[in-house]
Each structure stands twice: as structure tokens, then as C-alpha cells.
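What follows is one structure encoded as C-alpha cells, with my remarks underneath.
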Amino acid sequence: MREVQLRPYEESDILPRYRLFQDRPVQENILPLNFQLTEEELLHRDRRIIADGQRQRLIFVVETNRGTPIGYIWAYPIHWRSRWTEVALAIAPQYRLGYGALALVKMVEFLFDELDLHTVVHQIYEGNTLMQQDQQIRHMATLVQRAEVWSGGRYRSSFLWSQTRAQFRWDRASLLGEVADDAAPGAPAAGERGAE
Amino acid sequence: MQHQERLQLVKEVLSELVGRRVAPDEIPDDCTLFGAGLGLDSYLGLKLIVRLEERFGILLDEEITLDELSTVTAVANLVARCQAGGAVS
């Protein structure tokens, strides 16, 4: 099975993550706040997050099975009382081959199975070129925020949808049905979903 | 396996991936796979790897990158290298 690994985010990962945030396609697909920070501001903020035990902003480094870092995935904010969070990720340009979708599956599994969260919210910006095509995203979205952010020289709407644990099991089987050997037997083939 | 035969098989895999939107014979050898060419996205890229492994009976490297899948010819060359010497990156 082709897969990725997630490991805890450490201080030595802060600057490589900052550099990835300078990549234009990444900037067009994540909240501007992430890349509007200067290197020093991000260092300061992420050192604090790490020192705090990542209770509100959980960040992982995405690695290949051989330990090569290829991106980052994070959950923020984590609403512990109502048990939901939002997930975002960024993958290095040369690895934009679906590794992000595999990282997302692993991350959401962790959020449901280990942290016992109940809902994960996904958000995709209009014009996203790093994951599945626009039409599929629009079909999946249950909420649209018009012209939510300014990035890449234009306003972008965002499309949001949520997953409960049960929905995730279904989506996971659908997503991995063709790219892994451990998908649920009899899993639905229609409605490919995933994010990068 | 000859280069032309390999190229043709790669094109068939690509045509299937894009839902037969483009016939294998309509795909030029130098066609780019992502972006303006065939328009594959990252998830289809992952599917491509899996289908190449199945179709050619090979095992591609865990850390394969976009450069190695940039064009139809690049993919055919990657497959050829893999067939010649096991997993490649």
C-alpha cells in the first residue's frame, strides 16, 4: 500500500513550513493568515504552539515511508467542548501526486479514533488547483462563503463540508478503494472524494 | 516490450483515467499530464501510479515525484527503467 506517515511538528520544522507557505499555489489554497506572517512572526507563533503542547493547533509533518518530509497537515481550531475541528494541509510541489489525500485520511483517522472528535470540517477555496476538480468540490460543499478571502490577486469564495465519523468511514473506503489494498470490502465506488 | 508498445499502453491508462474524454490515439507523446495538458489533478496522479503498477506489473518508488510523470514520454521512460531494474525513483 502506498502511504504516508505523520510525525509531530517540531521547532526545526518551522522554517521549512514557512518556506512552503511562500509557494504561490499553496498561498491560493490556504487561509492568508498563514502566509502573511513574517518568518519571525511565524517562528514566534509556532514555538508558542509547540510549547503549549499543540492543544489548540495540532500540526504534523507529512513524510514518505522513507522519512522524507513532503508537507504539513494541521487541525485548527480544535473545539474540545463541542469536539470538532477544521483541517488544512500543504504539500511540496514535487509531491503533489495524491500524497495529500493519503495524509488527510491518516489525519482524520487520528482525529476521530485517537482524539475522539465528532466532526471534521473541510474547506476548499475557489480555483483550487491542488486537489480534485472544482465541480466535484462544489458538489460536495454544503456551505459557500462568497468572496471570503483575497489571495493570488482576486477574491475567492470558499466551499465547506463536514464529515462525521460514519461519513468518514464511507468516504475513506471510496477514496482509497483504488489506491490501497485495505479498503472496506464492498465499499462504494462512486463519489470520489479527498483533499490536497 | 518495445518503446512504442509501452507508450501506447501508457496512453490507454491515461485515457481511462480521464474517463475516455480523450482517446489514446489523440494523446501526443509530449503531452503534459498535469495542468494545461491532460489536466490530471493530484488524486488522479496517485491513481495513475497505482494503475501503472497494475498494468505493467511493476513497483514504482515510494518517493516518485511530479517531474517523473511530467509527460507521456516521461512516464513511458519511467516504466522502462523500472522494468529494466526494479523499483526506480
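Since every read-out is calculated from the coordinates, none of them should be taken as a lab result. Model, not experiment: these values are computed from the prediction. As a convention, Cβ positions derive from the backbone with ideal geometry for all residues, glycine included, and neighbour counts pool all protein chains shown.
Compactness of the protein assembly as shown was expressed as the Cα radius of gyration divided by 2.2 N^0.38 Å, which yields 1.02. Dipole size of the stretch A:1-153 about its Cα centre, with +1 on Lys/Arg Cβ and -1 on Asp/Glu Cβ: approximately 120 debye, rounded to the nearest 20.
If contacts are Cα pairs under 8 angstrom and at least 6 residues apart, what is the relative contact order of chain B in percent? Computed over chain B, the figure is 32 percent. Each peptide among A:32-41, A:89-98, B:6-15 gets the average number of other Cβ atoms lying within 10 Å of its residues, and from highest to lowest they stand as A:89-98, B:6-15, A:32-41. Candidates A:93, A:74, A:163 compared by Cα position along the dipole of the protein assembly as shown: farthest toward the positive end lies A:163, with charges placed on Cβ.
For the residues of B:45-51, the average number of beta carbons from a partner chain within 10 Å of their own beta carbon is 6. Each of B:16, A:148, A:114, A:11 was scored by other Cβ atoms within 10 Å of its Cβ. Listed from fewest to most, they are A:114, A:11, B:16, A:148.
Treating only the Cβ of Lys, Arg, Asp and Glu as charged (+1, +1, -1, -1), what charge dipole size does chain B show about its Cα centre? Round to the nearest 20 debye. Magnitude of the dipole: close to 220 debye. Based on the Cβ-Cβ distance of residue B:84 and residue B:20, what FRET efficiency does E = 1/(1 + (r/R0)^6) give at R0 = 25 Å, to the nearest 0.05? About 0.25, to the nearest 0.05.
If you take all other residues with their beta carbon under 12 Å from the beta carbon of residue B:61, and give Lys and Arg +1 and Asp and Glu -1, the sum is -1.
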